[in-house]
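Student: After the structure tokens below, expect a handful of questions from me.
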Amino acid sequence: MFEIPFLRFFVPCAILYVFFYTLVINPPVEDDDRHQGLSPEDVKVMRWKGASLMEAQQYNEAEEIYIRLHKEFADNSVYSGELAKIRHTQGRFEEEAALWEDFVQHSPTPVEGCPQIGEAYRSAHQGVKALDALKRCWEFEPTNSDMILFYALELEHHGDENLAHDLYVKGHQISPRYADMTVGLARTELHRGNPSQARNLILEALERTPDNPDALLAAGIIFTRSGDRQTARKYLQHGVEVSPNYLDMRLALAAINGRPARRRSRS
């Protein structure tokens, strides 16, 4: 059998062309919208419109835009973050938490998803996940005062006063003028049996933020425990004036005055 040089050259070329045509020139298109693609101009217009709607607080109108963008670009933290905000306004907290998880996984600055991720889990009544999320937030930036505060507050909520106290001490050293940090430290000092230190700290916080409801409530509790009910009443009465729907404040004042408080939620 003799060889045909033309066929030896043509057949491999024909096969290569078929592959090139199939994979590059005319690739198969799947039915999934994810693979239909958006042009750069489409993305630019959608981002502008979505941002405008979010700024105008027209969240339901922005929802479809960010669903599409998140579907097309699942690893883009901007879209998962904006969609998480929309889910928050809709009260869909489990979905919000999942979207914040996407955000912290893909964002170059995951701390920007904090404390929203913890608050979403808490709103979804998933306290253990809220604590874990806020711990991760703290681990993202261990010297960030806000991250220290959020994690310490959640630890207090879960009854871990000792670790919360250690964090408040660290946070107070980093940001000694951070009033909320000082209030937290005062609460845990009282819990540890140091009422004198607690009084000094709460007065320090109130000097900076005299209308801080949490500081006023803590002052009322601290001075009540110290036996100074008159001073405690003064702070709690001011607290009710500042935040009339703060239930814990009203309950603490009612306890001092010896009468039940009407159960109202904090505004």
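The values are calculated or read from the model by the stated rules, or taken from the named source; none is laboratory data. These numbers come from a predicted model, not from an experiment. All Cβ positions, glycine included, derive from the backbone under ideal geometry; neighbour counts span all protein chains shown.
Student: Test Ala186 against the stated conditions and say whether it is surrounded by 16 or more Cβ atoms within 10 Å (Cβ to Cβ), touching a helix residue (DSSP H, G or I) at 6+ places or on another chain (Cβ under 8 Å) and closer than 24 Å to Gly220 by Cβ.
Tutor: Details: surrounded by 16 or more Cβ atoms within 10 Å (Cβ to Cβ): yes; touching a helix residue (DSSP H, G or I) at 6+ places or on another chain (Cβ under 8 Å): yes; closer than 24 Å to Gly220 by Cβ: yes.
Criteria met by Ala186.
Student: Right, next: Kindly indicate whether Lys135 is in the same structural domain as Pro210 (by TED's automatic domain parsing), assigned to a helix (DSSP H, G or I) and surrounded by fewer than 18 Cβ atoms within 10 Å (Cβ to Cβ).
Tutor: On the way: in the same structural domain as Pro210 (by TED's automatic domain parsing): no; assigned to a helix (DSSP H, G or I): yes; surrounded by fewer than 18 Cβ atoms within 10 Å (Cβ to Cβ): yes.
It is false that Lys135 is in the same structural domain as Pro210 (by TED's automatic domain parsing), assigned to a helix (DSSP H, G or I) and surrounded by fewer than 18 Cβ atoms within 10 Å (Cβ to Cβ).
Yes/no per residue for (1) farther than 22 Å from Glu154 by Cα; (2) assigned to a helix (DSSP H, G or I); (3) out of contact with any Lys or Arg (no Cβ under 7 Å at 6 or more places or on another chain):
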{"site": "Lys170", "(1), (2), (3)": "no, yes, yes"}
{"site": "Asp180", "(1), (2), (3)": "no, yes, yes"}
{"site": "Glu204", "(1), (2), (3)": "yes, yes, yes"}
{"site": "Pro210", "(1), (2), (3)": "yes, no, yes"}
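Student: So Arg92 passes all but one of these: (1) in contact with a helix residue (DSSP H, G or I) (Cβ under 7 Å, 6 or more places away or on another chain); (2) surrounded by 16 or more Cβ atoms within 10 Å (Cβ to Cβ); (3) not β-branched (Val, Ile, Thr). Which condition number does it fail?
Tutor: Single failed check for Arg92: (1).
Student: On to the next question. Which residue, of Ala51, Ala84, is modelled with pLDDT of 95 or more and part of a helix (DSSP H, G or I)? Give the derivation first.
Tutor: Numbers: Ala51 fails: modelled with pLDDT of 95 or more.
Every option except Ala84 fails the conditions.
Student: Scan the stretch 212-224 and give yes if some residue there is closer than 28 Å to Ser145 by Cβ and either at pLDDT below 95 or touching a His at 6+ places or on another chain (Cβ under 7 Å) (or both), otherwise no.
Tutor: Step one: of the stretch 212-224, the residues closer than 28 Å to Ser145 by Cβ are 212-223.
Those still in the list that are either at pLDDT below 95 or touching a His at 6+ places or on another chain (Cβ under 7 Å) (or both) too: 216.
Yes, the stretch 212-224 contains a residue that is closer than 28 Å to Ser145 by Cβ and either at pLDDT below 95 or touching a His at 6+ places or on another chain (Cβ under 7 Å) (or both).
Student: Another question, if that's okay. Please identify the pairs in which a residue from the stretch 198-216 that is under 12 Å from Arg177 (Cα atoms) has its Cβ atom under 6 Å from the Cβ atom of a residue that is among the polar types (S, T, N, Q), counting only partners at least 6 apart or on another chain.
Tutor: Leu201/Thr182; Glu204/Thr182; Ala205/Thr182
Student: Same structure again: If only one of Leu163, Leu149 is touching a helix residue (DSSP H, G or I) at 6+ places or on another chain (Cβ under 7 Å), of a type in the set (A, V, I, L, M, F, W, C) and closer than 22 Å to Glu112 by Cα, which one is it? Show your work before the answer.
Tutor: Values: Leu163 fails: closer than 22 Å to Glu112 by Cα.
The unique qualifying residue is Leu149.
Student: If you don't mind, another one. Out of all the residues in the stretch 229-254, which are more than 16 Å from Thr209 (Cβ to Cβ) and part of a loop (DSSP other than H, G, I, E, B)?
Tutor: Correct list: Pro244, Asn245.
Student: Among the residues of the stretch 105-132, how many are assigned to a helix (DSSP H, G or I) and surrounded by 16 or more Cβ atoms within 10 Å (Cβ to Cβ)?
Tutor: At the first step, the residues of the stretch 105-132 found to be assigned to a helix (DSSP H, G or I) are 105-106, 110-113, 116-123, 127-132.
With surrounded by 16 or more Cβ atoms within 10 Å (Cβ to Cβ) added as a condition, the list becomes 106, 110-111, 113, 116-123, 129-131.
Qualifying residue count, the stretch 105-132: 15.
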